[in-house]
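Throughout, read-outs are computed from the coordinates displayed, never taken from laboratory work. Because the structure is predicted, anything quoted here is derived from the model rather than measured. Here the Cβ positions follow ideal geometry from the backbone for every residue, glycine too, while neighbour counts run over all protein chains shown.
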Amino acid sequence: MVSPRRDSGSERPSLKDARILVVEARYYDDIADELLRGALDAIAAAEAEAEVVTVPGALEIPQTVAILVEAAARARKPFDAVVALGCVIRGETGHYDIVAGESARALMDLSVVLRLPLGNGILTVETEAQAQARARVAEMNKGGGAAEAALAVLGLKRARDAVRAERTIGFTPPRPTRDEGDTSR
């Protein structure tokens, strides 16, 4: 079996003041408990702050993220990253495909459009036993993995912002506007 590549130990910017929104679907309480425990452990290890919001199911996660991220930005207390947690277990109908696909698509769309680090910890599995193994902190710890993914991207974003800030310290002459620089008229 191939094992996942782990972080090479490179230094990450401090995430001590980071605000992380965790939106969890509690459709399966025991699985949700493990996912949340793993995510909160990872966030605490990064010395970041977590705000947890609970929704009924995986389809409610993306819209909740959109609503809360916008509200936090308006209040001038923006979230730095988001972690989505939930579980979708295949059943006898096509509902699984809709919930799994649409929740993942909507989260990716939000992450890209908002340029928001987002860890997707919504399990999509065939059986409850698979879900338990993936959720358990002592086993696959997918909740912790989703939080670590969001924190890693946040670290990259902060490192890039720091480089950009270093380059723009001091006076930077304004660039001419299209009208000022256009001599063809």
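Listed values, structure above:
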| read-out | value |
| --- | --- |
| Reach of LYS77 by Cα under 20 Å, taken over lysines that are not fewer than 8 positions away in the same chain | LYS16, LYS157 |
| Simple spin-label estimate for ARG19 and ALA71 in nanometres, 7 Å along Cα-Cβ | 1.2 |
| Sequence-separation-based contact order of the stretch 6-98, relative, with Cα cut under 8 Å and 6+ spacing, percent | 40 |
| Residue among ILE89, VAL55, VAL69 farthest towards the positive dipole end of the stretch 41-96, charges placed on Cβ | VAL69 |
| Ranked by how many other beta carbons lie within 10 Å on average, peptides 129-135, 67-73 from highest | 129-135, 67-73 |
